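Computed from the coordinates by the stated procedures, all read-outs in this text should not be read as laboratory data. All values reported here derive from a predicted model rather than from experimental measurement. Counting neighbours? That spans all protein chains shown, and the Cβs are built from the backbone with ideal geometry, glycine included.
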Amino acid sequence: MIIRFFERIGSYVINCMETLGQFTILVGNTVMQLRYMPRIRHVFQQMSHLGVDTLPIIALTMLFTGMVLTLQTATEFIRLGAQSTVGGIVTIAVGRELGPVLAGVVTAGRVGAAITAEISTMKVTEQIDALKVMATNPVGYLVVPRLIACMLMLPLLVVFGDVIGSIGGWMVANYYDIDIYMYINSIDTFVEPHDVVGGLIKAVVFGAIIAIVGCYYGLNAQNGAEGVGKATTRSVVVSIIVIFFSNCLLSMVLYR
């Protein structure tokens with residue numbers, strides 16, 4: 001029993017190192033392929049598919065997040081006589097942390113899953129092998145356009161989500177008799193440019209994570225339809241975990 005226990009640990013460590021090595025190779029190949037810019041049409045197609053279609057989900061997520069955040073803070077701040085700071089506090093929280101993280105999680109669940117499902121289906125139906133036969137690099141053709149699209153669209157989604165979150169916060173603040181002028185003045189007083197810029201930097205990193213992880217699991221899918229489902233599930237789970245981990249590191253670097 002003890003031997004089997006250590007065998008399982010060893011097997012798990014070996015699999016993790018193998019996955020990390022393959023992932024590093026994919027990142028390296030992707031960086032090399034960035035020298036050859038993909039067709040703009042392909043990039044815009046991915047931006048429309050991956051970004052624009054995600055707007056309604058981002059809007060609903062951030063609207064209710066801003067409302068709940070204000071609901072929790074306004075009650076205590078009013079009791080302390082600090083209602084004039086509610087708008088700034090909510091906007092900073094959304095801009096620094098909640099906006100990028102929630103946008104990243106939502107995008108990983110929708111876009112990351114779509115990327116993995118599409119590429120893994122191509123893998124199990126041997127379409128990727130056909131690309132290689134036609135002397136087309138799968139990384140340059142499939143990964144690079146999606147990487148560029150995610151890195152461009154996620155910051156825009158975060159800005160959109162920040163605005164919607166602030167509007168949702170004002171809707172609840174208005175219920176507590178905090179007028180719009182006080183709310184906006186609080187934002188103007190407390191929010192600094194680096195609060196927003198830091199969130200956008202996070203969004204770029206999260207976009208790269210979602211695209212690379214989604215493409216990695218898609219390119220390594222096996223065993224037909226069952227493999228597509230497993231690859232999609234792993235892609236979403238790993239993307240979300242890496243987003244949370246990288247968010248912690250970026251917060252320590254950007255907001256020390």
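Things worth noting here:
- The share of alpha-carbon pairs in the chain lying farther apart than 27 Å comes to 45%.
- Highest mean first, the peptides 83-89, 192-198 sorted by other C-beta atoms within 10 Å per residue fall in the order 83-89, 192-198.
- The calculated FRET efficiency for the pair residue 174 and residue 255, based on their C-beta separation and a Förster distance of 35 Å, comes to about 0.75.
- Residue-averaged 222 nm ellipticity for the chain, from DSSP H runs of 4+ at -39500 (n - 2.57), nearest 500: -27500 deg cm²/dmol
- Distance from the C-alpha centroid of region 165-226 to that of region 135-154: 23 Å, rounded to the whole angstrom.
- Cα gyration tensor shape for region 163-206, rounded if a/c is under 1.5, else prolate or oblate: oblate
- Rounded to the nearest whole angstrom, the semi-axes of the ellipsoid equivalent to region 1-99, taken from the Cα gyration tensor as √(5λ), stand at 43, 29, 13, largest first.
- Ordering 224-237, 124-137, 178-191 by mean Cβ neighbour count within 10 Å, with the highest value first, yields 224-237, 178-191, 124-137.
- Degrees between helix 224-254 axis and first principal axis of the chain (Cα, 0 to 90, nearest 10): 50 degrees
- Relative contact order (%) - criterion: Cα under 8 Å, at least six apart; region: the chain: 32 percent
- Check: region 132-256 dipole with +1 on Lys, Arg Cβ and -1 on Asp, Glu Cβ, in debye: 840 debye
- Distance between the modelled labels on residue 190 and residue 222, one decimal in nanometres: 5.3 nm (7 Å Cα→Cβ projection).
- Helix axis angle, 113-124 relative to the chain longest principal axis, alpha carbon, degrees: 10 degrees
- The order of 213, 139, going from fewest to most other C-beta atoms within 10 Å of their C-beta, is 139, 213.
- Rounded to the nearest 10 degrees, the inclination of helix 144-175 to the longest alpha-carbon principal axis of the chain is 20 degrees.
- Selection among 149, 104, 66 by position relative to the dipole of the chain gives 149 as farthest towards the positive end (Cβ unit charges, Cα centre).
- Protection proxy ranking for 31-40, 11-20, using the average of other Cβ atoms within 10 Å per residue and placing the highest first: 31-40, 11-20.
- Rounded to the nearest 20, the Cβ-based charge dipole of the chain about its Cα centre (Lys and Arg +1, Asp and Glu -1) stands at 760 debye.
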